[in-house]
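Down below is the structure, laid out as structure tokens.
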Amino acid sequence: MGLGHVVRCLALADELHENHGVAVSFAMRASPLASEMVKRRSYPILQASDDLVFDQEAWLHDCVSKSGAQILVVDVRDDLSKAALESLAKKGTVIAVLDDLSERRWAADIAFYPPVPQVRRVDWSGFRGRLCVGWEWIVLRSQFAESLPLRSNSKCSLLIAMGGSDPAGLTLKAVRAVDRLGEDFECVVIVGAGFCHRQSLRDLLGQTRRRFTVREDVSEMSAAMAQADLAVCSFGMTSYELAAMEVPAVCMCLTEDHAESASALVTAGMGISVGVNDQDSETRLAAAVDRLLVDTNARAQMSARARKLVDGRGASRIAELLLSTARRR
């Protein structure tokens, strides 16, 4: 699935802890890379059993009890039940869900979503919590709320960034697509800590016509993104981070659900989607990037739209709403 869920939960944790003095714990399934990311930020981890079958509801209740949590933020894509959250809510725990359209949403006091078509399509009649839908609720790291450095590129700079792990190897497809193009531009490839196609990328770069600069495990992604005039990314947290940095993006999508969500960025005028990853993705991607490289007006319009819509302060808004809800509770 990638690391976007962990990254945004860490962003919210940092906001709650550093700016509001809240004690934060992470209840997680076993994952060496994800756990290391959390440990690096010094948050305690309540880890689930490695057993394929375990009582998730009992485990989660135990996590809330041990941590003394008054608020539970749920960002999962597994079979955690609505009943498990409802039983915690009955005990007074404030329940919030992030970008979750499963049955779990009915147990939430607050539900946060980007303005994607799927949110409008589901039935919300009878929902008794607070529904927060909009670009202003996207959780990003605090570095994406800071003022932007001025771009100073002598030639157009293209960034390829597929998130922290890129399990499908979209970076390789993007490099091949970009290598087809004839325009004069610079290209930077950023790969994350969980990128598992390093040798394949090295082999590919040994065969390309174009020179690619590769950067690994970049900590200040906002600064790296801010220097780009155009980006190719996988849809998800990376696409929202690029919007906060006012960088027009061409999105590749892993699933039909991602493609539908990416359509919101397209409709808002912040980027382009080449649809679900398939055998023709490279051709569609090369054509889309080629058009935007030469169309400076289109890129400028996309940047302006992003500047108006995504300010990088979603974590701050969510933290304040969570805490005001807990105080009332």
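Could you tell me which of rounded, prolate or oblate describes the range 254-307, using a ≥ b ≥ c as the square roots of the eigenvalues of the alpha-carbon gyration tensor, with rounded for a/c under 1.5 and, failing that, prolate when a/b is larger than b/c and oblate otherwise?
oblate
Using a probe of 1.4 angstrom, how much of the accessible area of the range 163-211 is carbon and sulfur, in percent?
Working: 1090 of 2310 Å².
Carbon plus sulfur share of accessible area: 47 percent.
Report Rg (one decimal) and Dmax (nearest whole number) for the range 79-142, counting Cα atoms only, units Å.
Answer for the range 79-142, Rg first and Dmax second: 12.0, 35 Å.
Let me know the volume per residue of the alpha-carbon convex hull for the range 12-78, in Å³.
Once divided by residue count, the hull of the range 12-78 is 93 Å³.
Going by the alpha-carbon gyration tensor, a ≥ b ≥ c the square roots of its eigenvalues, is the range 199-255 rounded (a/c under 1.5) or, if a/c is not under 1.5, prolate (a/b greater than b/c) versus oblate?
It comes out prolate by the Cα gyration axes.
For the chain, what is the calculated [θ] at 222 nm in deg cm²/dmol (nearest 500), taking -39500 (n - 2.57) for each run of four or more DSSP H residues and dividing by its residue count?
After summing the helix terms and dividing by the residues of the chain, the value is -12500 deg cm²/dmol.
Dividing the convex hull volume of the Cα atoms of the range 67-207 by its residue count, what figure in Å³ per residue is obtained?
Looking at the range 67-207, the number lands at 184 Å³ per residue.
Hey, can you find the accessible area per residue of the range 141-266 for me, probe 1.4 Å, expressed in square angstrom?
The answer is 41 Å² per residue.
Across the range 188-329, how large is the tail of the calculated P(r) beyond 25 Å, expressed as a percent of all Cα pairs?
35
Where in the chain are the DSSP H helices whose C-alpha atoms run 18 Å or more along the long axis and whose mean Kyte hydropathy is at least 0.0?
Going by DSSP H runs, the hits are 281-294, 314-328.
Can you pull the Rg over Rh of the range 230-284, Cα-only, Kirkwood?
With Rg and the Kirkwood Rh in hand, the quotient comes to 0.94.
Hey, how much of the P(r) for the range 1-136 falls beyond 20 Å, as a percent of Cα pairs?
More than 20 Å apart: 48 percent of the Cα pairs in the range 1-136.
Note the direction-averaged projected area, equal to a quarter of the hull surface, for the Cα convex hull of the chain, in nm².
16.9
The values are calculated or read from the model by the stated rules, or taken from the named source; none is laboratory data. Nothing here was measured: the structure is a model prediction, and the numbers come from that model. Accessible surface areas use protein heavy atoms only, side chains included; no ligands, DNA or RNA. Shrake-Rupley method; radii C 1.70, N 1.55, O 1.52, S 1.80 Å.
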